[in-house]
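*Asks:* Okay, handing you the structure first.
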Amino acid sequence: MDEISSLHPRAESLRVRKKLVDGFKMGLVVEEGLAAHGRGEAFDYLLSERTTREARRAIKAAAAALLLAERPVISVNGNAAALVPEELVELSRVTGAKLEVNLFHGSRGRERAIARWLRQHGASEVLGVDPRFYTRIREVHSQRRKVDRRGIAAADVVLVPLEDGDRTEALKRLGKRVIAIDLNPMSRTARAADITIVDNIVRAMPLLVAEARRLSKLSRRSAEKAIGDFDNDSSLRATYRLMQDGLRRLAETGTLRR
């Protein structure tokens, strides 16, 4: 693909799509992941492709939850690895969270490719790729039921960017605090998670890293307050209203821009 001109009105969107296509060619992303990204873009349009106030509050609560956790884990799928590998590794470093590859459409080849990609971006350890440590979440019926005993299986807090709903629900039933990044505030994942960041992962992850750095320098009480001040249901309702406003503006003015 030719270099994307910064003058193109959809330049950033095209750059993100190219990252996914490159990830597909490297074996990180599957065809279904490309389709899922397109669905997410549709919701992002309704947010005017910006990080909302509600998302920023969720990011603050998410950073606090990771920092306060005893055994935090960041679950990584192909799309997340292709789009934000540096940020995933840096968030792991700042919060002490382990990185674990977990795939809906899994294969040993993809697992190893994603782990290798994360290591190329600075990860010192990547879980979820060694069969000696595999165990299963019985309540999950997809390949995502396979988890690492040292990671998700033992975690108290799990960040699940670009997730499917059944595993989020299962992790909750196991008593884990779940943080989701999901552009659809109506999804099972968004509604089941304790903290849902309704934002594009390419915008949310740098902000999450920065917020984790900031909170790590403050008192434990500050982190606890960030979680206590956040209500996921209220945040989702407010975000849904923003999307409704976006559709209303489109009908009335022909544009989603505020």
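The values are calculated or read from the model by the stated rules, or taken from the named source; none is laboratory data. Keep in mind it's a predicted model, so treat the numbers as computed, not measured. Every residue, glycine among them, receives a Cβ derived from its backbone with ideal geometry; neighbour counts consider all protein chains shown. For the accessible areas, the whole protein counts, side chains as well, though only heavy atoms, and no ligand, DNA or RNA atoms are used. Shrake-Rupley method; radii C 1.70, N 1.55, O 1.52, S 1.80 Å.
*Asks:* Looking at the range 27-60, which of the residues that are small (Gly, Ala, Ser) and within 14 Å of the chain's Cα centre (by Cα) is modelled with the lowest pLDDT?
*Replies:* So the residue we want is 33.
Results for (1) of a type in the set (A, V, I, L, M); (2) closer than 20 Å to residue 40 by Cβ, shown as yes or no for each residue.
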site	(1), (2)
147	yes, no
155	yes, no
164	no, yes
208	yes, yes
211	no, no
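*Asks:* Counting only residues that are open to solvent by 20 Å² or more (accessible area, probe 1.4 Å) and not in a helix (DSSP H, G or I), which one in the range 107-125 is modelled with the lowest pLDDT?
*Replies:* Once the filter is applied, the top-ranked residue is 107.
*Asks:* In the range 126-139, how many are part of a strand (DSSP E or B) and either touching a Phe, Trp or Tyr at 6+ places or on another chain (Cβ under 9 Å) or touching a residue at least 60 places away in the same chain (Cβ under 8 Å) (or both)?
*Replies:* 1
*Asks:* Would you confirm whether or not the range 74-81 contains a residue that is touching a His at 6+ places or on another chain (Cβ under 7 Å), within 27 Å of residue 177 (Cβ to Cβ), in a helix (DSSP H, G or I) and touching a residue at least 60 places away in the same chain (Cβ under 8 Å)?
*Replies:* yes
*Asks:* What number goes with the only condition from (1) in contact with a helix residue (DSSP H, G or I) (Cβ under 8 Å, 6 or more places away or on another chain); (2) open to solvent by less than 40 Å² (accessible area, probe 1.4 Å); (3) in a helix (DSSP H, G or I) that residue 92 does not pass?
*Replies:* For residue 92, the exception is condition (1).
*Asks:* Which of the residues that make up the range 215-235 are without any contact (Cβ under 8 Å) to a residue 60 or more places away in the chain and either crowded, with 16+ Cβ neighbours inside 10 Å or touching a Lys or Arg at 6+ places or on another chain (Cβ under 9 Å) (or both)?
*Replies:* 233
*Asks:* Just checking: which of the helices (runs of 4 or more DSSP H) contained wholly in the range 140-220 hold 3 or more residues that are out of contact with any helix residue (DSSP H, G or I) (no Cβ under 7 Å at 6 or more places or on another chain)?
*Replies:* Hits in the range 140-220: 165-173, 201-216.
*Asks:* Looking at 210, 154, 251, which one is open to solvent by 10 Å² or more (accessible area, probe 1.4 Å), of a type in the set (A, V, I, L, M), at pLDDT 95 or above and more than 23 Å from residue 51 (Cβ to Cβ)?
*Replies:* 154
*Asks:* Check off (1) out of contact with any Gly (no Cβ under 8 Å at 6 or more places or on another chain); (2) modelled with pLDDT under 95 for residue 91 and give me the number that stays unchecked.
*Replies:* Of everything listed in (1) out of contact with any Gly (no Cβ under 8 Å at 6 or more places or on another chain); (2) modelled with pLDDT under 95, residue 91 misses just condition (2).
*Asks:* Determine the pairs where a residue that is part of a helix (DSSP H, G or I), located within the range 53-68, has a partner that is open to solvent by 40 Å² or more (accessible area, probe 1.4 Å) and among the hydrophobic types (A, V, I, L, M, F, W, C) with Cβ atoms under 6 Å apart, the partner being 6 or more residues away or on another chain.
*Replies:* Every condition considered, the pairs that remain are 59/207.
*Asks:* A further question on this structure: Determine, yes or no, whether residue 202 is under 25 Å from residue 12 (Cα atoms) and surrounded by fewer than 21 Cβ atoms within 10 Å (Cβ to Cβ).
*Replies:* Taking the combined requirement at face value, the residue satisfies it.
*Asks:* Still on this structure, please answer the following. Out of the residues in the range 217-248 that are acidic (Asp, Glu) and closer than 21 Å to residue 187 by Cα, which is modelled with the lowest pLDDT?
*Replies:* 245
*Asks:* So residue 104 fits all but one of (1) of a type outside the set (D, E, K, R); (2) open to solvent by 60 Å² or more (accessible area, probe 1.4 Å); (3) in a helix (DSSP H, G or I); what number is the exception?
*Replies:* Going through the list (1) of a type outside the set (D, E, K, R); (2) open to solvent by 60 Å² or more (accessible area, probe 1.4 Å); (3) in a helix (DSSP H, G or I), residue 104 breaks only (3).
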